[in-house]
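Asks: Before I ask anything, here is the structure I am working with.
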Amino acid sequence: MLAPLSADPWDLAERLLERFGSIGALIDASEAELRQCAHPGERWVDVFLAIRQLLRDGIREQVLRTPLGKDRKGMERYLLETMGCLRRERMIAIMADRSGFIISEEIVAEGGEGEIQVSPRALFGRALSLDARRMLIAHNHPSGSAEPSASDISQTRDLVSQAERLGVLVDDHLVVGRREVVSMRERGLM
């Protein structure tokens, strides 16, 4: 499979698995990490990055064409692909119109492993400027666990309350682990 990318595909496969330990870690590696594995003159990194971006864009396109909440499995695949192996915590908001058609996806907070604080002003200011009426919030846990923390629950309840006062419905808050996504709505936590 790596033959078109390297004159010695077995050597390349060995280097990549030795450096990253798994295919999943390889897929989520940064460009700089990948380039550290390349020997002079090898051009596989550019091809790899282009294919990875193309696949992610395809998953994203499928999710964005579907009304919010209509393709839960597709949304989970998208979130696992884009956020499941991030090393830093990130929260996104996927904003939609009244009918649920997605208007925008915004990164609303980033931070270290543990806890991030989202600015309600930034989150809802952006939603109102887009005339979004619905949103889905999602964030990852770099630890790999998708279990909502006490802080996640408290912060979500505050955001839902604020959103209601502004006429915005928070459909769900999804917590993304390395291998699963947990719905706070399904758990009755919001």
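Asks: Restricting to the range 17-47, count the residues that are in a helix (DSSP H, G or I) and within 28 Å of D71 (Cα to Cα). Don't jump to the end; show me each part of the working.
Replies: Restricting attention to the range 17-47, the residues satisfying the condition of being in a helix (DSSP H, G or I) are 17-20, 23-27, 31-37, 44-47.
Add one more test, that the residue is within 28 Å of D71 (Cα to Cα), and what stays is 23-27.
The qualifying residues number 5.
Asks: Within the range 85-117, can you find the residues that are touching a Gly at 6+ places or on another chain (Cβ under 7 Å) and open to solvent by less than 30 Å² (accessible area, probe 1.4 Å)?
Replies: The answer is E89, G100.
Asks: A further question follows. Kindly list the number of the only condition in (1) more than 18 Å from T82 (Cβ to Cβ); (2) open to solvent by 10 Å² or more (accessible area, probe 1.4 Å); (3) part of a strand (DSSP E or B) that fails for L189.
Replies: (3)
Asks: A further question on this structure: Is one or more of the residues making up the range 136-150 in contact (Cβ under 8 Å) with a residue 60 or more places away in the chain and closer than 17 Å to G69 by Cβ?
Replies: yes
Asks: For A138, work out the one condition from (1) open to solvent by less than 20 Å² (accessible area, probe 1.4 Å); (2) at positive phi it doesn't fulfil.
Replies: All conditions pass for A138, except number (2).
Asks: With D172, D158 as the choices, which residue is outside any loop (DSSP other than H, G, I, E, B) and under 22 Å from L80 (Cβ atoms)?
Replies: The match here is D172.
Asks: Further question on the same structure: Which of the residues that make up the range 154-168 are crowded, with 16+ Cβ neighbours inside 10 Å and free of Cβ contacts under 8 Å to residues at least 40 places away in the same chain?
Replies: If the condition is that a residue be crowded, with 16+ Cβ neighbours inside 10 Å and free of Cβ contacts under 8 Å to residues at least 40 places away in the same chain, then Q155, T156, V160, A163 are the ones that fit.
Asks: Looking only at the range 66-80, which residues are more than 16 Å from V175 (Cβ to Cβ) and either open to solvent by less than 50 Å² (accessible area, probe 1.4 Å) or without any contact (Cβ under 8 Å) to a residue 24 or more places away in the chain (or both)?
Replies: T66, P67, L68, D71, K73, G74
Asks: If you don't mind, there's one more thing I want to ask. From the set of residues in the range 122-135 that are out of contact with any Ser or Thr (no Cβ under 8 Å at 6 or more places or on another chain) and assigned to a loop (DSSP other than H, G, I, E, B), which is least open to solvent (accessible area, probe 1.4 Å)?
Replies: R133
Asks: Name the pairs: first residue in the range 172-190 and within 21 Å of G100 (Cβ to Cβ) and charged (D, E, K, R), second residue open to solvent by less than 10 Å² (accessible area, probe 1.4 Å) and in a loop (DSSP other than H, G, I, E, B), Cβ to Cβ under 7 Å, at least 6 apart or on different chains?
Replies: D172/M184
Asks: Additional query: Among (1) modelled with pLDDT of 85 or more; (2) assigned to a helix (DSSP H, G or I); (3) among the hydrophobic types (A, V, I, L, M, F, W, C), which single condition is V63 missing?
Replies: (1)
The values are calculated or read from the model by the stated rules, or taken from the named source; none is laboratory data. Here the structure is a predicted model, which means the values were calculated and not measured. Using ideal geometry, Cβ is built from the backbone for each residue, glycine included, and neighbour counts are taken over all protein chains shown. Each accessible area value is taken on the protein alone, full model and side chains, heavy atoms only, with ligands, DNA and RNA left out. Shrake-Rupley method; radii C 1.70, N 1.55, O 1.52, S 1.80 Å.
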